[in-house]
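All remarks here apply to the structure that follows.
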Amino acid sequence: MTDPNPQGGHLEHRSLRDWLANFFRAPLSNSSADSPPERIPETLEPNDRTRLLKLDDGQGPAYGTRDGLSTPQVDGGPEGHIRNGNGSPTFVQGPENLPPRTGSGLAWPVKNHKTMYLSYYIPFFNWITQYRWSFLRGDLIAALTIASIYIPMALSLASNLAHAPAINGLYSFVFMPLLYAILGSSPLLVVGPEAAGSLLTGTIVKTSVKQGHSQEDDEAASAMVVGIATAMAGAMILVAGLTRLGFLDNVLSRPFLRGFITAIGFVIFVDQLIPEVGLADLAKEAGVSHGSTVQKLVFLAGNIKSCHGLTAAVSFGSFAIIMLFRTIKKALEPRYPQVVYFPDRILVVILSAILTWRLGWYEQGLEVLGSVQNTATGLFAFRWPFQIKHLKHVRTAMSTSFIIAILGFFESSVAAKGLGERRDGVQGMSVSANREMVALGVANVVGGCFMALPAFGGYGRSKVNASTGARSPMSSIFLSIITFIVIMVLLPYLYYLPKAVLCSTISVVAYSLIEECPHDVAFFIRLRGWTELALMLLIFVSTIFYSLELGIALGIGLSILILIRHSTQPRIQILGKIAGTPDQYDNAEMHAENVELIDGALVVKIPEPLTFANTGDLKNRLRRLEFYGSNRAHPSLPRLRPPESNKNVIFDVHGVTSIDGSGTQVLSEIVNDYINLGVSVYFCRLSNRSVFRMFERSGIVDRCGGMSHFVTGVDEALRLAESEGHASEP
């Protein structure tokens, strides 16, 4: 990928993109990697980008404006002022003025449409053409740093949390980062096993043992259950991505996640205490291994005198060393960013293994990792998880796999959005929630076939990747290669690694999950967010005293109920004229001291799309505005506004960017009720063509008086109401 320079006699660096372009005798996309994308012209022809950007974006021509495209000046918020537009309505409805449909001819010229779509849906073809030799050093150093920190942790997650062979944790770093580098849309995101997902996978393994589907010491069966759980989580998230359900990352509330993640951290920390003090065998005999967290705490308190001294010393000593280095790194990183390169955890692992071997600790009762090779299933054994004989495991894993998929995708989405892209790395890779789902889904389905742990993007791991020099997804590919080499070459040297050290590394992860909780609790206390605090506490307590499954079910159920409750409340407002202004209107409830209600007219602003969810109570809300001039008044109060105050009803519908059939039906009934009572109805600032079509088809336009009752602003509606009122007088 270098060419001789005939003048200087040295090699001139060129991008991999140029080499590939020359090799295939055709460019892989439309612009050179060495130059910025071609600038879009200021003036474009009619069949170009201008029209393309006006397609199906909810910003179609505004009815009641001069040019059919502009809208009246708006503040964009529920409390802002509305300033009326001027001019007479046109209401041109000819087909020539309808927005054009999306088509390939609407975009600016593209040389190769197939290549364009291929590089979008398979981002590998986007970033590999931009790759340069200068990226290699940073990507390789980042991969080595990630491997030194997280390969020991992967062993711990598999053996201690997922109750699977330790090597299955390493499989996650062999397959998932490689597949994500090909299909993922975030260039610096690193995919790997996480504590929460591993713990949930462990609950599936334990449930399978309880139900008699597998034996507790059967490594092959445990590995198979892990693979089924991983593949099911991947299949669910893959289907969600293909059906464009990427918006689901906004469904789970922050209090739910904080309460659940804190509970998981606490559960993990308590779980690791038992093997850290050498009581794992005693706990298994007492039947506490599969009990609740509270039961394990009671067991620890009652058997503290039976602890194994050497095991406890190694555990707490390694935990203290890792925490000390963690604190020092955090303090020094602002001044010395290179401190993140220091592989403290791999040093603890290596030193503990050497000391155990040289000092004979394994002969004094300290449990060691032993042979990591999974002789029961073989190395990189392929097992198709969706077989008929595995249906019993599928039923056991269904609900928990769904939670693994949801939590994993949410964490990946947060990490991808927070990372962005480096200015000195690959460019033009926009993060797409749907493509992220597809990438993570494919990675986990393939990983499940090799019985790997569930793997998703982690913010901390990805932040380390970015801070240590990674510039492209090639760092993830290097990580997969390094892990493969470790499995094939270096695993025998981990034979004397104490299990207590693995437990201590997991305890550090558990601590990191818990440490952010006090900050969030203090924040919600300052806000007096008692609902959020109650949700966090309920999830935490139910998880600690009963099980993870109950905590998850309660958290998701309550989050969905809160979301439904919020979405079903119509947020209509009564508007009044701001004192001292000729044509500005504001929320009369929020600014009662500066706003005057309008005699003879009820001006109602609908600031949101109307759907079946938020129109069920619309009539009752309007009735309160008619009777009391406020949504906050109790319905038992006597009427405060006389009927004469509602001779005219003006709906400001600029915020109604969409409306479904149920919403249209409710609004049609409201208009009919007003017309039957002799009330004149007007609509102003209608800004969406599809909404107007729904009004036409439902008869709202004809019923309220035709096109003349659709105007540009409140002032024009008031003038029209006044003139029609004078005309109707005898």
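The values are calculated or read from the model by the stated rules, or taken from the named source; none is laboratory data. Note that the structure is a prediction, hence the values are computed from the model and not measured. Positions of Cβ are backbone-derived with ideal geometry, glycine not excepted, and every protein chain shown enters the neighbour counts.
Here is how the numbers come out for the structure above:
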quantity	calculated
Among (1) surrounded by 15 or more Cβ atoms within 10 Å (Cβ to Cβ); (2) under 37 Å from the mean Cα position of the chain (by Cα) - the single one ALA331 does not satisfy	(1)
Some residue of the range 538-555 being within 23 Å of GLY227 (Cα to Cα) and either without any contact (Cβ under 8 Å) to a residue 60 or more places away in the chain or of a type in the set (D, E, K, R) (or both)	yes
Helices (runs of 4 or more DSSP H) enclosed by the range 215-328 - at least 1 residues per element that are touching a Pro at 6+ places or on another chain (Cβ under 6 Å) and more than 27 Å from LEU537 (Cα to Cα)	219-242
Flag if ARG689 is over 46 Å from the mean Cα position of the chain (by Cα) and closer than 26 Å to ASP586 by Cα	no
Of all residues in the range 680-700 being closer than 17 Å to LEU575 by Cβ and among the hydrophobic types (A, V, I, L, M, F, W, C), the one that is modelled with the lowest pLDDT	LEU686
Condition check for PHE260: aromatic (Phe, Trp, Tyr) and surrounded by fewer than 24 Cβ atoms within 10 Å (Cβ to Cβ)	no
Test result for GLU608, surrounded by 14 or more Cβ atoms within 10 Å (Cβ to Cβ), acidic (Asp, Glu), modelled with pLDDT of 85 or more and in the same structural domain as THR203 (by the TED database)	no
Residue check for GLY241: buried (at least 20 other Cβ atoms within 10 Å of the Cβ), at pLDDT 90 or above, within 30 Å of LEU561 (Cβ to Cβ) and not hydrophobic (A, V, I, L, M, F, W, C)	yes
Hey, ALA717 among the aliphatic types (A, V, I, L, M) and in contact (Cβ under 8 Å) with a residue 40 or more places away in the chain or not	yes
Subset of the range 378-397 (residues that are of a type in the set (Gly, Ala, Ser) and either modelled with pLDDT under 85 or part of a loop (DSSP other than H, G, I, E, B) (or both))	GLY378, ALA381
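Condition check ((1) outside the structural domain of GLU608 (by the TED database); (2) surrounded by fewer than 18 Cβ atoms within 10 Å (Cβ to Cβ); (3) not aromatic (Phe, Trp, Tyr)) across all residues:
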{"residue": "VAL653", "(1), (2), (3)": "no, no, yes"}
{"residue": "ASP660", "(1), (2), (3)": "no, yes, yes"}
{"residue": "GLU669", "(1), (2), (3)": "no, yes, yes"}
{"residue": "CYS684", "(1), (2), (3)": "no, no, yes"}
{"residue": "SER687", "(1), (2), (3)": "no, no, yes"}
{"residue": "ILE700", "(1), (2), (3)": "no, no, yes"}
{"residue": "PHE710", "(1), (2), (3)": "no, no, no"}
{"residue": "VAL714", "(1), (2), (3)": "no, no, yes"}
{"residue": "ARG719", "(1), (2), (3)": "no, yes, yes"}
